[in-house]
Amino acid sequence: MSGNKISKGMLEQRIRDLIAGTQKHSTNGSLTFGGATYSATALVQVLQSLADSLATEDTARASWQDALKNVRDAQAKAGPIVQAYRSWLVATNGNAPSTLADYGLVPRKARTPLSTDKQAVANAKSKATRAARHTMGSKQKQDVKGTITTIVGASASSASSPVSPGPVVSVPTSGTPPAGTAPHPA
């Protein structure tokens, strides 16, 4: 067989064909190839062992897929029960870590609330992050409206309607110009 990739089905067919051809044309003789000599019976046994291995792999794969399906089905059925039972155990025995340890559980850590100062800092950071990223809530997004500065390909009747100008950006006249802008001649 060459180094080319062949499908498993093609390999099985090639092996069956080699066995059939060997049994038909070389029943009693010996064959010499690849630096070795084989009797027809020994060669058929080697080829048949490969064919048997390929068939065994199919059976093992099907069995493995059945096992995986059984595990998924059992998890789907028992998963919610396990989670509810674990939650109930923690709620019932939350003050008894040794009892929870018998079930392989640990009590939940009590969450300590932030101090007023730390909460104020967290709120300020949150607002600063939203401003820096220009993130908006759904109601803020409703207030954002686009403006049309020019009309391309509009009919004459719509061209006579007033167009609101776009936003005007002003550049400070004193000091150095912002990065990426050329200074304006005075």
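Throughout, read-outs are computed from the coordinates displayed, never taken from laboratory work. This structure is a prediction, so every number in the text was calculated from the model and none was measured. We place every Cβ from the backbone using ideal geometry, glycine too, and count neighbours over all the protein chains shown.
Brief remarks on what is shown
- Applying the Karplus relation 6.51 cos²θ - 1.76 cosθ + 1.60 with θ = phi - 60° to segment 91-107 yields 3J(HN,Hα) values of 5, 6, 10, x, 8, 10, x, 5, 5, 5, 5, 4, 9, x, 10, 10, x Hz, where x marks Gly and Pro.
- Reach of K141 by Cα under 26 Å, taken over lysines that are not fewer than 8 positions away in the same chain: K125, K127
- Here the Karplus relation 6.51 cos²θ - 1.76 cosθ + 1.60, evaluated at θ = phi - 60°, turns the backbone of segment 112-123 into coupling constants of 7, x, 5, 5, 4, 5, 5, 5, 5, 5, 4, 5 Hz, with x for every Gly and Pro.
- Whole-angstrom gap from segment 1-31 to segment 45-110, using each part's C-alpha centre: 43 Å
- Taking amide H as placed 1.01 Å from N in the peptide plane, S39 has its amide H under 5 Å from the amide H of L31, each at least 5 places away in sequence or on another chain.
- E12-R72 FRET efficiency (beta carbon distance; Förster radius 35 Å; 0.05 resolution): 0.75
- Karplus-derived 3J(HN,Hα), 6.51/-1.76/1.60, for each residue of segment 38-54, Hz, glycine and proline x: 10, 7, 4, 5, 5, 5, 5, 5, 5, 5, 5, 5, 5, 4, 5, 5, 5
- Selection from N28, G9, L89, by position along the positive dipole direction of segment 8-92 (Cβ): L89
- Extension gain (nm, one decimal) between A132 and E57, 0.36 nm per residue minus Cα-Cα: 21.2 nm
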